[in-house]
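S.K.: Below you will find the structure I want to go over with you.
The values are calculated or read from the model by the stated rules, or taken from the named source; none is laboratory data. Here the structure is a predicted model, which is why all the values come from computation and not from measurement. As a convention, Cβ positions derive from the backbone with ideal geometry for all residues, glycine included, and neighbour counts pool all protein chains shown.
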Amino acid sequence: MIFIVLAIVTFGFWACSKKNDTTPSDSIKITSLTATLNPVMAYDTTVITVEATGENLQYGWVANHGRIKGSGKTVKYSACISCIGHNTITCMVFNDTGEVSDTIMIRVTPWHSKK
């Protein structure tokens, strides 16, 4: 009886464990990740562009603060006053062979000047 309970608990942990389905790829390379403005003032936007090599590439973007508009190789990033400071934008480039990612730090400053 104890063996059966132990087997069920072990299977439950194994079945619920997080699986990493992304595989790093040697066939994809990010060659640059740039922003047109850095720093950027709150309520303004900067254009972020990734350059990568590989075939049939797709792109994903995530920001820890602020907002990303668009998709593909080029997106617009904007942040409000509550995002002042250094914000991390991550770009994931992937295809059927795997995934690579890179980050860029964007510094958001107040939109008004101090007197």
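S.K.: Kindly state which strands (runs of 3 or more DSSP E) lie completely within the chain and contain at least 2 residues that are among the β-branched types (Val, Ile, Thr) and either in contact with a Phe, Trp or Tyr (Cβ under 6 Å, 6 or more places away or on another chain) or modelled with pLDDT of 95 or more (or both).
M.R.: So the answer is 29-35, 45-53, 74-78, 85-95, 98-109.
S.K.: So is Thr74 over 12 Å from the mean Cα position of the chain (by Cα) and in contact (Cβ under 8 Å) with a residue 24 or more places away in the chain or not? Lay out the reasoning, then the answer.
M.R.: Numbers: over 12 Å from the mean Cα position of the chain (by Cα): yes; in contact (Cβ under 8 Å) with a residue 24 or more places away in the chain: yes.
When the stated conditions are applied, Thr74 passes them.
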